Each structure stands twice: as C-alpha cells, then as structure tokens.
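What follows is calculated from the coordinates using simple rules that are stated; it is not laboratory data. These numbers were taken from a predicted model, which means no experiment stands behind them. As a convention, Cβ positions derive from the backbone with ideal geometry for all residues, glycine included, and neighbour counts pool all protein chains shown.
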Amino acid sequence: MRRTSVRLLLCLLLIVAPAFAEATKEYKIAILRDGDSPYFDEIAEMLKREVSVLAEGEREITFLEGPAWNAEWDLDRAREVLRAALQDAEVDMVFAGGMLITRAVVTAGEPLPKPVVSGFIEDPSMIGLPIGADGRSAIPNYTFVVVPCEAKDDIQLFRLIVPFKRLAVLVDQYFLAHTPYVRREAEEYVRATG
C-alpha cells in the first residue's frame, strides 16, 4: 500500500516538476515535516530513493531537509516553515509531510507561488482537505496523495464483526488539537448509524 502511495506521489511530482525546472537540470525539493518521527523518516527515504531513480539522467534532484524544515510538532512553527519554503528562491517544490504542515498549507489563505504536494494523508475529511467537486484540490498549485482509508469505514466493518452499541475512541490531545473536523466526523457517524 505504502509503495503504491509513493508511486502516486512520484507521478504527481513528475507532472508538476517540469514547468519549474525547464531552464535548469537541477531541481530542489524542500521536505517539510511535522516533527521528528521514525515513520516519516522511512517515508522521506522512500520518496528520495524513488524520485532520484525516476529523475536519473533527466535532472539532478536535491532534497532540502533539516531543522529549518522541521515544525517541531507546533502548528505556528509549521506555518513559519511553510512560509520560508515558499519564499526561498532555492526551493522549486515543497513536499508537505504530515498533518500540521498540511494544515498550514490548507489554511495559508494566499496563493501558493510554487507547487506543494502533501503525501500520505489518511482520512482527509478530518483535516479539511480542500477537495473540489471533481475530486481534485480546490487550491491552485496544491495537490495531495490520500491513503484510501477512513475511520468510519473501519468502525462500520468492526460493527459487522462485533455488534456493539457503544464505542470509545481514544485520541491524544495533539490529534484533537490539529484535526479540526474529528469531532464533527464522529458526531455525523453517530447520527448516521445510531
């Protein structure tokens, strides 16, 4: 599943990238992250490997990473990191890895001056991804790869296996604070299923 998502993301990168790299063979991608995470480290390494292989012989890809591109698990810092990447003349494209960075993109409130791709978003309804009627991003210069799973589907399947009347779902404060639609989604599910 993760490999398929990486391939989808790579296709998006290759579609968007040529417009910005026509004049040069060098292309710089800033990899923004919510914070330190072994899970994201793995995804970033996969992304770098796959993009490098696909671009081999066509263009030199440089990945910009490090403390300057790390939001340190803080939404305000995520907004600063995004703003810095969008204003940095060295950056050709932004990979927004994580819920906080994605929220910063979605709520930026201004046009994105360069391509931004969010990757591996689970349950897009909970973070308010701007999906248009055609199923694509409603924000120009922004796209995303969504992992096709939603919590309500898992709950419905669980209910088929074990009929239950009450279900407690435990989430941490971080998740609650940064997924503005999680409560609304839970309430809608309760109304729809009783």
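If R0 is 25 Å, the Cβ-Cβ spacing of Glu110 and Glu26 corresponds to a FRET efficiency of close to 0.40.
Would you mind calculating the gained length between Arg59 and Glu72 on full extension (0.36 nm times residue separation, minus the Cα-Cα distance), in nm to one decimal?
Contour length minus the Cα-Cα distance gives 1.6 nm.
Taking 26 Å as the straight-line reach from the Cα of Lys165, the lysines in range (excluding those fewer than 8 positions away in the same chain) are Lys152. Note on Leu170 and Gln156: the model spin-label points, each 7 Å out from Cα along the C-beta direction, lie 2.7 nm apart.
Under 28 Å of direct C-alpha separation, and excluding same-chain neighbours fewer than eight residues apart, Lys48 reaches these lysines: Lys25, Lys28, Lys114. Subtracting the Cα-Cα distance of Arg191 and Glu45 from 0.36 nm times their residue separation leaves 48.4 nm of extension gain.
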